[in-house]
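Have a look at the structure below before the remarks.
The values are calculated or read from the model by the stated rules, or taken from the named source; none is laboratory data. What you are looking at is a predicted structure, and each value in this text was computed from that prediction instead of being measured. In this analysis, Cβ positions are derived from the backbone assuming ideal geometry, glycine residues included, and neighbour counts consider all displayed protein chains.
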Amino acid sequence: MTKWQLPPRKKTTGGAIKKHGKKNRLQRGRDYLPTRIAEPKIKQKRTLGGNTKRIALSINIANVSVDGKHQKVKILSVAENSADSQFVRRNIITKGAVIQTELGKARVTSRPGQEGTVNAVLIEKK
């Protein structure tokens, strides 16, 4: 079933808001596609205005920032994830997740499901 991201039907006071028009394609949501650790697989999705979103279905390299310098590092596993405790067991990467890399633990600062890359900041060296 399609998810819709429509404006609210009621005001904060409880009164009804008149419908502004019909549903548009741009108001449709999409299913959550989790980013896993594997060989890179990226899907492109067209958005409003002809722009695109790069959805990372799987990825194994992160751009890690160490003292202002950036390095491409291999991702080993997900150490912790405050979004969902089951994401650690399933190795799903989201923004705010702590990943185990070859350099040490790093916190993800990007949104892999929207941007198609994993950017992270090193928080604990090996």
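Quick notes
- Only one of LEU26, LEU33 that is in contact with a helix residue (DSSP H, G or I) (Cβ under 7 Å, 6 or more places away or on another chain), in a loop (DSSP other than H, G, I, E, B) and either among the charged types (D, E, K, R) or modelled with pLDDT under 95 (or both): LEU33
- In segment 45-59 there is at least one residue that is closer than 18 Å to VAL121 by Cα and either surrounded by 11 or more Cβ atoms within 10 Å (Cβ to Cβ) or of a type in the set (Lys, Arg) (or both).
- Note on segment 95-126: among residues that are of a type in the set (S, T, N, Q) and touching a residue at least 60 places away in the same chain (Cβ under 8 Å), the one that is nearest to HIS70 (Cα to Cα) is THR117.
- Checked against the criteria, VAL66 counts as in contact with a Lys or Arg (Cβ under 9 Å, 6 or more places away or on another chain) and not aromatic (Phe, Trp, Tyr).
- Note on segment 76-105: among residues that are more than 16 Å from the chain's Cα centre (by Cα) and assigned to a strand (DSSP E or B), the one that is surrounded by the fewest Cβ atoms within 10 Å (Cβ to Cβ) is SER77.
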